[in-house]
Amino acid sequence: MDRTSAARSAPVAARPEDSGAITKAKMRLVLDGITRDVGAPPSDSEWGSTLKSSDNPMAACFVAYKGFGTAASPLEVDRTDALAAALTGRGWAEDRKRTTRKAPDGTVDVVQAVFKKLGWTIVMEYRMLTDYPVLSLNAFDDACVKKAQAAQDSTSAN
């Protein structure tokens, strides 16, 4: 028996985020893995630390990625198509039709999409800023958000 063909036909091991319930740690793996796979810039660590240090109870529900394009490392709008394909390839369902907005010069300056899987939502947004684009993926646990909203509503009602 040819061992190389046996190795090729063996099932691919599941990624850690593909088994069981999605936790914040698994979601971090999803966002890091997908952005790395499509060649997006690394997440901005300064921006990520502001979410972690937030007093807002909603912050506990979120895992976020934010990457900035630069002259040395451009971030093209087609990266959104690659991200959408990577997400759907991992079982995420695109929840609504992707929206695209064009600037007066005809270039795309905003792309937004929403994906859902196992009680989580990922909102993808590409936005052309003054000089360089920014790409963000904001993932949140739907049940956590509902619980945090209910707590805020009961507090504000008092």
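The values are calculated or read from the model by the stated rules, or taken from the named source; none is laboratory data. Quick caveat, the model's predicted, so the values are computed rather than measured. Remember, those area values only see protein heavy atoms, side chains included, never the ligands or the DNA or RNA. Shrake-Rupley method; radii C 1.70, N 1.55, O 1.52, S 1.80 Å.
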Checklist entry - Counting pairs of alpha carbon atoms under 8 Å apart in space and at least six apart in sequence, what relative contact order in percent does segment 41-158 give? => result 26
Item to check | Candidate lysines for bridging to residue 24, where Cα separation is under 24 Å - those fewer than 8 sequence places away on the same chain excluded | outcome: 52, 66, 116, 117, 146, 147
Item to check | Accessible surface of segment 98-158 [probe 1.4 Å, protein heavy atoms]: carbon and sulfur percent | outcome: 54
Checklist outcome for this item: Reported to the nearest 10 Å², residue 62 has, with a 1.4 Å probe, an accessible area equal to 60
Item to check | By accessible area with a 1.4 Å probe, ligands and nucleic acids excluded, highest first: order of 144, 61 | outcome: 144, 61
Item to check | Derived scalar couplings ³J(HN,Hα) [segment 79-84; Karplus, 6.51 cos²θ - 1.76 cosθ + 1.60; whole Hz; x for Gly, Pro] | outcome: 4, 5, 5, 5, 5, 4
Checklist entry - Using the heavy atoms of the protein chains alone and a 1.4 angstrom probe, what is the accessible area of segment 46-146 per residue in square angstrom? => result 55
